1. For a Förster distance of 35 Å, can you work out the FRET efficiency between the beta-carbons of residue 56 and residue 103, rounded to the nearest 0.05?
2. Please work out how much accessible surface residue 120 shows to a 1.4 Å probe, ignoring ligands, DNA and RNA, in Å² rounded to 10.
3. Can you give the extra length, in nm with one decimal, that the chain gains between residue 74 and residue 250 once fully stretched, where that is 0.36 nm per residue apart less the Cα-Cα distance?
4. Determine how large the accessible area of residue 104 is when every protein chain is in place; take a 1.4 Å probe and give Å² rounded to the nearest 10.
5. Considering only DSSP beta bridges whose two residues both sit in the range 52-165, what percent are antiparallel, to the nearest 5?
6. Any lysines with Cα under 23 Å of the residue 202 Cα? List them, leaving off those in the same chain fewer than 8 positions away.
7. Taking a ≥ b ≥ c as the square roots of the Cα gyration tensor eigenvalues, with a/c under 1.5 meaning rounded and otherwise prolate when a/b beats b/c, else oblate, which class fits the range 161-314?
8. Take each of the peptides 146-154, 303-311, average the number of other beta-carbon atoms within 10 Å over its residues, and list them starting from the highest.
Amino acid sequence: MAAASAATEAAAAHVPRRAEDAAAAERQDSVAGVWAEGTASYAAAAGQIEPEVMAADDAAFAELWQQAQNPPEYLYSDVLPNPNMTFGLEIEFDGGDRQAIARDLYEEGLIAEPRQSGYHGGRSNPNLWAFETDASVSGGEIVSPVFRDTPTAWQQIEKVCEIVRRHGGRATTRCGGHVHIGTVSPLDSQNSRWDRLLRLVKANEDLLYRLAAGGESGGTHRGTDYVRPVANVQSLDNTSHYHGVNKRRETAEFRYFNGTLDPRQIQTNVRIAAGLVDTASKDDPAVDSRIPDRVLARGTQARRQAINGTPEDHGVVRNFLDTVFTRARDKAAALWLYATSRWQPAS
């Protein structure tokens with residue numbers, strides 16, 4: 001009787017768990033369905049608004065290169081490859097009047113209190129930004145809430161940059177600009193998609209360090225102390241907080257980017273990170289075939305140029321643009337960072 005009673009209790013204990021698992025699976029299917037619908041609507045809109053321009057085509061690349069000689073237009077909507085995608089930012093800066101920055105951020109309704117809080121000191125309102133101290137910089141770090149691709153999000157990013165600049169804050173070679181992309185829908189728990197993201201990054205890591213140093217950064221990357229390469233990483237499950245791309249609980253964090261207070265550069269960084277995640281989410285043999293089977297580690301292209309003394313042919317960036325982006329404006333924006341930077345040395 002005791003055994004029967006124990007069995008009955010065990011069976012009863014499993015009922016809520018089975019119901020909970022079923023509910024979780026249903027939520028996951030629902031999220032996946034919404035994500036697929038968003039991707040489909042984006043693709044349809046992209047096809048209606050502008051035909052895809054392939055950087056592999058010499059004439060098309062020449063036109064994109066011409067556009068990349070100027071910073072891209074700062075957009076307030078239709079920036080990311082899927083309207084259901086979420087993202088977040090960590091903006092580091094040096095110097096500045098921190099009291100004045102905190103006061104103005106508070107008066108604009110962006111932070112909860114008119115003062116700077118401690119590092120990761122907690123967020124009383126998840127819908128607001130947090131202005132925190134950071135031992136690696138003298139100014140601080142401003143952390144966004146979870147955003148979607150809305151005018152409000154891009155307007156707030158623009159306002160935060162304006163306030164920091166107005167009160168003397170500046171992006172220096174010590175500063176980073178981290179981008180988080182939500183992964184619950186695009187990558188979820190499918191290891192094949194996370195593996196695809198890692199392959200995509202490994203095949204282009206040298207390029208990512210170059211793109212990360214473009215724009216107002218002047219072409220020099222801040223180094224690998226807080227941005228460790230993933231060239232030798234076998235799984236994103238094995239990444240630490242300081243790897244250039246690392247796997248978090250519900251996001252992929254991209255740390256490659258230099259710090260910047262130029263909203264156009266921040267928006268382009270988000271486009272690149274979002275494009276990588278979106279590409280990794282596509283279970284399509286045609287996408288896999290476009291990801292080179294290689295590890296292009298930081299310093300590879302700089303070393304080749306030093307040895308061969310030949311001008312670059314832009315082949316790496318052309319393949320990257322056609323793999324990660326569909327729209328010409330996204331390709332031109334990323335190419336702007338490339339055109340304003342250079343290949344980084346290994347150390």
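The values are calculated or read from the model by the stated rules, or taken from the named source; none is laboratory data. In this text, all values refer to a predicted model and were calculated from it rather than measured experimentally. FYI the Cβ positions are ideal-geometry reconstructions off the backbone, even for glycines, and counts take in every protein chain you see. All accessible areas refer to the heavy atoms of the entire protein, side chains included, with ligands and DNA or RNA removed. Shrake-Rupley method; radii C 1.70, N 1.55, O 1.52, S 1.80 Å.
1. The pair residue 56/residue 103 has a calculated efficiency of 0.10.
2. Using a 1.4 Å probe on the heavy atoms, I get roughly 100 Å².
3. Working: separation 176, 0.36 × 176 = 63.36 nm, distance 2.75 nm.
Contour length minus the Cα-Cα distance gives 60.6 nm.
4. Roughly 20 Å² of residue 104 is accessible to a 1.4 Å probe.
5. The answer is about 90 percent antiparallel.
6. 247, 282, 331
7. The shape class here is oblate.
8. Values: 146-154: 16.1, 303-311: 10.1.
So the peptides 146-154, 303-311, ranked by packing, come out 146-154, 303-311.
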